[in-house]
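The values are calculated or read from the model by the stated rules, or taken from the named source; none is laboratory data. Please read these numbers as outputs of a predicted model, since none were measured by experiment. No Cβ is skipped: glycine too gets one built from the backbone with ideal geometry, and neighbour counts run over all protein chains shown.
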Amino acid sequence: MATFASVAISCGTVVASGTVDAGAPGDAAGADAPSSQASDCNTRGCVVASITLSNPTTTTLDVTWTPPVDTSRGAITGYRLGWTEGGTNRGWDGVYPATTLTVTLTGLVAATSYSVRVTPITAAGDAPVTTRTASTAGGGAASCNTSGCVVASLVLSNPTMTTLDVTWTPPADTSRGAITGYRLGWTEGGTNRSWDGLYPATTRTITLTGLVAATSYSVRVTPVTAAGDAPISTSTGSTTGTTSPPPPQTNKFVAGYWQMFQGPAVSEITASAPQYNLQYAAFAMGNRAGTGSVSFDPVFSSPAQLKSDIAASKAQGSTWLLSVGGGSDDTLQLLNDTNANELVTSVIPIIDNYGFQGVDFDLERGSGQWSPAAMVSAAVKLKTHYGTGFLISAAPRPYEDEYRTFAVQAGSALDLFGYQFYDFPEANDTTFLRNYINSRVDEAVGMGIPASKLMVGCITYSGYQAGHNTVQNYRDIFKEVETRYPALRGVYIWETSLDKLDSWSFAHLMGPSIRGVP
């Protein structure tokens, strides 16, 4: 897609818009025609830095530009300028010296649209062409009323972490002629992201997608008529989210997995076990075999209720992550960068809809399902999209060596690493469990995984049929390891429905012991 830029001058003078093209198809051939352009040129840097059409009369237009910021093609030896009149190509006007930065076009036709193009000339050939379009004074263009020929209103609404809705109403002044379309452009955090394209005259709203969380956007819309582009209207809004750093590593976590089939209601957790300050919604699962695409069905709760309950829980200080995978997920595949892109693309709308603050990886099908490199790729893409405040977690079984490789390769992109110290028969043996947790923490720290990322996973429900232990024993082992690794991050339970069956004993004991809260 072409790259656009624009300037707007008060109505009755000129409105200009333009494109940066790889060449100038249809330009007149001959001695003044542009030569082929070098392939190593950076389109945004080697074109003229700005081009403005101003001071229109019925027969003249001033053309002003500034030199390119990218001089990798060599010194500028001149500038080539050309133009069209009312859509008819008038060819290249000639070559101007390298010191020329302004030209006045004369002998023009009143109330006529002119498209002016400028390309720098270097020893490496002509750089890409920058084009601006404007109209001479006179006729319908001169009768435009600034407050009436712009869009009547421009509103940015319904922000999420990655989207903004843009809505406008047509101009009240139609003296320029019928609206043939609308041109829309925007800046991202102060950086010009160009014109997005030309929308049909019937368009009244669009949704900008793929935006960056917690970022300011300035959106501009101009009506397009036969007399040229009308003045530009601009409105500013911001996406939601945070780019603040993760919680300080001195903060301890008492965490629980909310399981989509078992619940319980998140509102009940908030009321009965406020000691939980980190919760995982399990699971987003593969929805297309052999790909990284996932979907999330909360099952136990309606999507609207879960979204509302999560918001209330977050307001009470709990952080919520979306857990991906699970032991029964044999559909999801994360083996290469294509799969990583599929995962990220499919999980972002889920994150935005529910307000999740991070992603937890819990893929349990081994090397045939996922690779450390692809998981790192997905983690980095998510961090890049949402910012450093977005948490990345993993919950491996202690014997899954691939996860340790992932943790080392991920480096700062990984925030939490929580071993599942349960679901194996020896977990019932307190002596074995104590030695096993100590040895695995020692091993992880020795590999370069900081203790501040390490979580101890537990199952404490007395009626659980597989390997588990008591909440008191898990607590005592954690405190023992913590004497050697004071930054040890916290504990979690699989799953909060089991804690409910034990009258919330995990939250009520671990809260004071680990977090120092009642």
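Just a few scattered comments:
- Residues in the range 371-393 include none that are touching a strand residue (DSSP E or B) at 6+ places or on another chain (Cβ under 6 Å) and either among the charged types (D, E, K, R) or not assigned by TED's automatic domain parsing to the domain that holds residue 327 (or both).
- The condition of being touching a helix residue (DSSP H, G or I) at 6+ places or on another chain (Cβ under 6 Å) and over 13 Å from residue 284 (Cα atoms) holds for only one of 352, 337, that being 337.
- Residue list for the range 375-396, restricted to those being crowded, with 22+ Cβ neighbours inside 10 Å and farther than 22 Å from residue 420 by Cβ: 377, 382, 386, 390
- Of the strands (runs of 3 or more DSSP E) lying entirely inside the range 197-249, those carrying at least 3 residues that are surrounded by 15 or more Cβ atoms within 10 Å (Cβ to Cβ) and at pLDDT 80 or above are 216-225, 233-238.
- Test: residue in the range 305-313 that is assigned to a strand (DSSP E or B) and out of contact with any Gly (no Cβ under 8 Å at 6 or more places or on another chain): no
- Taken over the range 449-466, the criterion of being outside any strand (DSSP E or B), in contact with a strand residue (DSSP E or B) (Cβ under 8 Å, 6 or more places away or on another chain) and closer than 16 Å to residue 478 by Cα is satisfied by 453, 459, 460.
- Of all residues in the range 73-93, at least one satisfies being under 37 Å from the mean Cα position of the chain (by Cα) and either within 22 Å of residue 125 (Cβ to Cβ) or at pLDDT 75 or above (or both).
- Among the residues making up the range 171-184, a single one is in a loop (DSSP other than H, G, I, E, B) and under 16 Å from residue 220 (Cβ atoms): 171.
- Residue check for residue 463: buried (at least 17 other Cβ atoms within 10 Å of the Cβ), of a type in the set (Gly, Ala, Ser) and in the same structural domain as residue 263 (by TED's automatic domain parsing): no
- The selection criterion, being in contact (Cβ under 8 Å) with a residue 40 or more places away in the chain and closer than 24 Å to residue 479 by Cα, does not hold for residue 259.
- Out of 397, 404, 434, 440, sole residue that is more than 27 Å from the chain's Cα centre (by Cα), of a type in the set (Lys, Arg) and not in a helix (DSSP H, G or I): 397
- Extreme residue, nearest to residue 337 (Cα to Cα), among residues of the range 371-394 that are assigned to a helix (DSSP H, G or I) and of a type in the set (S, T, N, Q): 377
- Residues of the range 314-329 satisfying the condition of being out of contact with any Ser or Thr (no Cβ under 7 Å at 6 or more places or on another chain) and assigned to a loop (DSSP other than H, G, I, E, B): 317, 318, 327, 328, 329
- The set of residues from the range 304-332 being of a type in the set (Gly, Ala, Ser) and more than 30 Å from residue 366 (Cβ to Cβ) comprises 304, 308, 311, 312, 313, 315, 317, 318.
- Test: residue 335 is under 24 Å from the mean Cα position of the chain (by Cα), within 29 Å of residue 315 (Cβ to Cβ) and either in contact (Cβ under 8 Å) with a residue 24 or more places away in the chain or surrounded by fewer than 23 Cβ atoms within 10 Å (Cβ to Cβ) (or both): no
- The condition of being free of Cβ contacts under 8 Å to residues at least 12 places away in the same chain, of a type outside the set (A, V, I, L, M, F, W, C) and either farther than 20 Å from residue 464 by Cβ or buried (at least 17 other Cβ atoms within 10 Å of the Cβ) (or both) holds for only one of 415, 401, that being 401.
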